[in-house]
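A.B. asks: Please read through the structure below; I'll follow up with questions.
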Amino acid sequence: MKKAFLAVAIILGAGMGFIYAGLYPVGADSRHHAVTFWLLETIRERSIARASKDIAVPDLSQPDLLLMGGPDYNDMCASCHLAPSVGQSDLSLGLYPSPPNLSTKRLMQEAPADARAQRSFWIIKHGIKASGMPAWGPTHSDERIWAMVAFIQHLPELTEEQYQILTARDGDAHH
């Protein structure tokens with residue numbers, strides 16, 4: 001029993017020493033170790049799946065949602081998650097982990113559409129700690145967030161011209 005206690009105390013002491021010595025590289029230009037990356041990705045994905053599973057998904061097929069969500073996406077998301085024909089931006093290159101390019105791929109293609117919508121809604125509303133993804137819930141209604149979800153679902157199919165039309169904001173609109 002004493003040996004187990006001593007071993008735990010040594011491991012905890014070494015861990016605290018590592019933490020307080022500042023030895024772990026936290027710069028966004030320094031990649032995580034494979035185990036750290038796996039741990040963080042797994043924690044993030046399992047947490048989002050648990051938190052979003054009971055969200056009721058409204059009808060996202062209404063064309064008005066695209067017109068409502070497009071300008072918000074362009075203003076708040078495109079600098080990181082990009083637009084059609086935009087391969088990278090200063091922000092997308094500077095963030096780690098890199099944000100997904102939502103204009104070229106559908107996330108979780110194997111998941112049911114409702115699960116993808118629930119996940120997107122939860123992420124937009126609550127953000128993700130230490131990733132650069134802000135929580136838009138404090139400043140945006142659920143209706144506006146669902147409109148962004150609807151827009152994101154169609155984004156990979158849009159041409160550059162369609163994107164420009166759907167993201168144009170009226171001159172008197174507030175954002």
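A.B. asks: Being of a type in the set (F, W, Y) and open to solvent by 40 Å² or more (accessible area, probe 1.4 Å) is the filter; apply it to the stretch 116-150 and report the residue that is nearest to the chain's Cα centre (by Cα).
C.D. replies: Only one residue fits best here, namely W122.
A.B. asks: Among the numbered criteria (1) surrounded by fewer than 12 Cβ atoms within 10 Å (Cβ to Cβ); (2) at pLDDT below 95, which single criterion is violated by P84?
C.D. replies: (1)
A.B. asks: I'd like the residue in the stretch 50-75 that is in a helix (DSSP H, G or I), open to solvent by 40 Å² or more (accessible area, probe 1.4 Å) and of a type in the set (A, V, I, L, M, F, W, C) and, out of all such residues, is nearest to E161 (Cα to Cα).
C.D. replies: L67
A.B. asks: What is the one condition in (1) farther than 16 Å from H154 by Cβ; (2) among the acidic types (D, E); (3) touching a residue at least 12 places away in the same chain (Cβ under 8 Å) that D72 does not satisfy?
C.D. replies: Failed condition: (1).
A.B. asks: Follow-up question, since we're still on this one. For A113, work out the one condition from (1) open to solvent by 40 Å² or more (accessible area, probe 1.4 Å); (2) in contact with an Asp or Glu (Cβ under 6 Å, 6 or more places away or on another chain) it doesn't fulfil.
C.D. replies: (2)
A.B. asks: In the stretch 107-148, which residues are at pLDDT below 95 and assigned to a helix (DSSP H, G or I)?
C.D. replies: A113, D114, A115, R116 - these are the residues of the stretch 107-148 that are at pLDDT below 95 and assigned to a helix (DSSP H, G or I).
A.B. asks: Let me ask something else about it. So, of the residues in the stretch 87-106 that are open to solvent by 60 Å² or more (accessible area, probe 1.4 Å) and outside any helix (DSSP H, G or I), which turns out to be farthest from Y163 (Cα to Cα)?
C.D. replies: S98
A.B. asks: With the requirement that a residue be surrounded by 10 or more Cβ atoms within 10 Å (Cβ to Cβ), outside any helix (DSSP H, G or I) and either small (G, A, S) or at pLDDT 95 or above (or both), what does the stretch 1-29 give you?
C.D. replies: The one that is surrounded by 10 or more Cβ atoms within 10 Å (Cβ to Cβ), outside any helix (DSSP H, G or I) and either small (G, A, S) or at pLDDT 95 or above (or both): A28.
A.B. asks: In the list G94, G127, which residue meets the criterion of being out of contact with any Cys (no Cβ under 6 Å at 6 or more places or on another chain) and closer than 18 Å to S52 by Cα?
C.D. replies: On the way: G94 fails: closer than 18 Å to S52 by Cα.
Just one listed residue meets the conditions, G127.
The values are calculated or read from the model by the stated rules, or taken from the named source; none is laboratory data. All values derive from a computational prediction rather than experimental measurement. Positions of Cβ are backbone-derived with ideal geometry, glycine not excepted, and every protein chain shown enters the neighbour counts. Protein only, heavy atoms only, side chains kept; ligands, DNA and RNA dropped before computing areas. Shrake-Rupley method; radii C 1.70, N 1.55, O 1.52, S 1.80 Å.
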